[in-house]
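In what follows, a structure is listed as structure tokens, so that the remarks can point back to it.
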Amino acid sequence: MALKFTSLQDFYAHGFDTVIDVRSPAEYAEDHVPGAISLPVLDNDERAEVGTIYVQDSPFKARKLGAALVFRNAANHIEQHLSHHEGGWKPLVYCWRGGQRSGSFTWMLQQIGWRAEVVEGGYQTYRRLVNTALYQIALPHRMVALDGYTGSAKTEVLKRAGALGVQVLDLEGLANHRGSLLGDMPTPQPSQKGFESALAGALMRLDPSRPVLVEAESSKVGQRIIPPSIWAAMKQAPRIDLQVPVAARCRYLVAAYDDILSNADGLRKKLAPLRAYRSGAVVDGWFTSIAKGDKAGLTEALMAEHYDPAYRKSRTAIGAEVAATVDAEALDDAGLDAAAAQVAALMSGL
């Protein structure tokens with residue numbers, strides 16, 4: 001009997017020792033249950049070959065080839081990756097729909113004596129539960145938004161507040177992006193589905209009875225869309241406003257974005273489309289700073305001529321309620337620690 005899960009909370013509380021994703025590596029790379037290990041019973045090429053035979057030749061031939069490949073690969077996984085487990089090991093297995101791939105692998109594990117079970121509906125069941133949690137029902141958590149102009153070190157203050165015991169939801173960390181036009185990281189962002197899985201997993205670990213600190217963002221982090229339930233809670237959240245002098249913000253950004261600011265060609269490519277929103281003369285001024293290698297001048301100009309006006313416009317549109325302010329004169333370690341401590345103290349009273 002396959003196991004049936006009716007809520008995301010139930011799924012994460014499955015109680016098994018290991019979750020095994022037997023889908024192809026490409027399927028796993030796009031998205032998977034947080035913490036699941038990848039033991040594909042068909043690799044990318046094998047899955048494509050079986051599918052082609054099924055559609056273009058014969059479903060019987062496809063199933064025959066698929067069975068041979070599945071059992072061959074499963075045997076290899078048992079010998080190479082699973083042989084160290086003792087008899088009481090309990091794995092939970094899923095594939096795309098909870099069908100032949102996961103069923104065959106689970107049967108083999110059960111024949112050995114392991115207490116393996118398969119997820120009814122497979123990955124599609126999991127995705128429906130994630131979609132329900134993030135798109136269809138109101139978030140049970142109370143959000144508090146950490147706000148402030150670009151360069152106020154919101155992400156760093158958020159992390160340090162988390163180290164002091166504050167419940168935090170690090171959207172930029174989960175999306176692998178620094179949350180601005182120039183916020184790309186050296187490694188790619190996760191897929192939208194992968195981002196949502198990470199979000200859902202993080203939310204399930206938080207206590208709904210305590211407030212959750214989240215960085216004030218737009219509705220997207222890089223190319224990843226913040227799901228409706230989280231975005232709705234963020235728009236309604238009271239805000240703690242970080243107030244930092246322009247000079248301190250500029251110094252912080254020059255250090256934090258040195259990799260971006262050092263890439264002249266990449267900078268010009270990123271900033272050129274802003275001619276549609278800022279005057280050509282403004283963008284030409286940015287390009288002059290890039291040509292001179294004037295990182296501080298470019299950063300200050302971008303704040304004054306692009307980021308700060310955009311911030312003021314978005315905050316006015318949202319109608320944000322400022323519950324408290326935190327003044328940070330400097331963004332060195334001491335200043336960041338002091339700001340985080342003030343935020344943590346404020347959170348305890350919200």
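The values are calculated or read from the model by the stated rules, or taken from the named source; none is laboratory data. Computed from a predicted structure; not experimentally measured. Positions of Cβ are backbone-derived with ideal geometry, glycine not excepted, and every protein chain shown enters the neighbour counts. Ligands, DNA and RNA are excluded from the accessible area calculation, which covers all protein heavy atoms including side chains. Shrake-Rupley method; radii C 1.70, N 1.55, O 1.52, S 1.80 Å.
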Is it the case, given these coordinates, that ALA310 is among the small types (Gly, Ala, Ser) and more than 23 Å from ASP184 (Cβ to Cβ)? no
Cβ-Cβ under 7 Å pairs, at least 6 apart or on other chains, region 221-234 side within 16 Å of GLY201 (Cα to Cα) and modelled with pLDDT of 95 or more, far side surrounded by fewer than 21 Cβ atoms within 10 Å (Cβ to Cβ) and among the basic types (Lys, Arg): ILE226/LYS220
Given region 256-303, what helices (runs of 4 or more DSSP H) lie entirely inside it while holding 3 or more residues that are free of Cβ contacts under 8 Å to residues at least 60 places away in the same chain, among the acidic types (Asp, Glu) and closer than 24 Å to THR187 by Cβ? none
Residues satisfying the stated conditions in region 112-127, i.e. surrounded by 20 or more Cβ atoms within 10 Å (Cβ to Cβ), in a helix (DSSP H, G or I) and not hydroxyl-bearing (Ser, Thr, Tyr): GLY122
Scanning for something open to solvent by less than 30 Å² (accessible area, probe 1.4 Å), touching a Pro at 6+ places or on another chain (Cβ under 9 Å) and either among the aromatic types (Phe, Trp, Tyr) or at negative phi (or both), does region 272-294 turn up at least one residue? no
Do the conditions hold for ARG268, that is, is it surrounded by 12 or more Cβ atoms within 10 Å (Cβ to Cβ) and under 28 Å from the mean Cα position of the chain (by Cα)? yes
Failed item in (1) surrounded by fewer than 19 Cβ atoms within 10 Å (Cβ to Cβ); (2) within 15 Å of LEU182 (Cα to Cα); (3) modelled with pLDDT of 90 or more; (4) not aromatic (Phe, Trp, Tyr), with ALA310 passing the rest: (3)
Name the residue, out of VAL93, VAL19, that is modelled with pLDDT of 95 or more, touching a Ser or Thr at 6+ places or on another chain (Cβ under 7 Å), open to solvent by less than 40 Å² (accessible area, probe 1.4 Å) and not in a helix (DSSP H, G or I). VAL93
ALA248 touching a Leu at 6+ places or on another chain (Cβ under 7 Å) and either hydrophobic (A, V, I, L, M, F, W, C) or over 23 Å from ARG160 (Cβ atoms) (or both): yes
Any idea how many residues of region 313-350 are outside any helix (DSSP H, G or I) and free of Cβ contacts under 8 Å to residues at least 12 places away in the same chain? 4
